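Okay, so here's the structure we're looking at.
Any read-out appearing in this document is the output of simple, stated calculations on the displayed coordinates, not a laboratory observation. Quick caveat: nothing in here was measured; it's all calculated off a predicted structure. No Cβ is skipped: glycine too gets one built from the backbone with ideal geometry, and neighbour counts run over all protein chains shown.
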Amino acid sequence: MQLKSYGLHDIVEMKKPHACQTNKWEIIRMGMDIRLKCEHCGHLVLMPRRDFNKKMKKVLVKVAPIHQENEESE
Ligand SMILES: [Zn+2]
């Protein structure tokens, strides 16, 4: 089983696209409920975290990596 890691401001793809045919959602709130914003039309969705875990397909853009192994140096 794959562990899905996601965080605030990540862009995720859901199993079903939004009615506007866009399947890119930004996580704008994390908590007991997850609030998502459609990247195309700005529509807001609120769902319990366990529903989100079921409906989320993958993380498209990871904004804040959990593992910071290397710091960039010049
Ligand atoms: Zn939309």
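Computed from backbone phi with θ = phi - 60° and the Karplus coefficients 6.51, -1.76 and 1.60, the 3J(HN,Hα) list for segment 33-48 is 10, 10, 9, 10, 10, 5, 5, 8, 10, x, 4, 9, 10, 10, 9, x Hz; x is used for glycine and proline.
Segment 2-42 and segment 50-65 have Cα centres spaced 7 Å apart.
Count Lys and Arg as plus one, Asp and Glu as minus one, and take only other residues whose Cβ is under 15 Å from that of R49; the net charge is then +3. For segment 1-55, the orientation-averaged shadow of the C-alpha convex hull comes to 3.6 nm² (one quarter of the hull surface).
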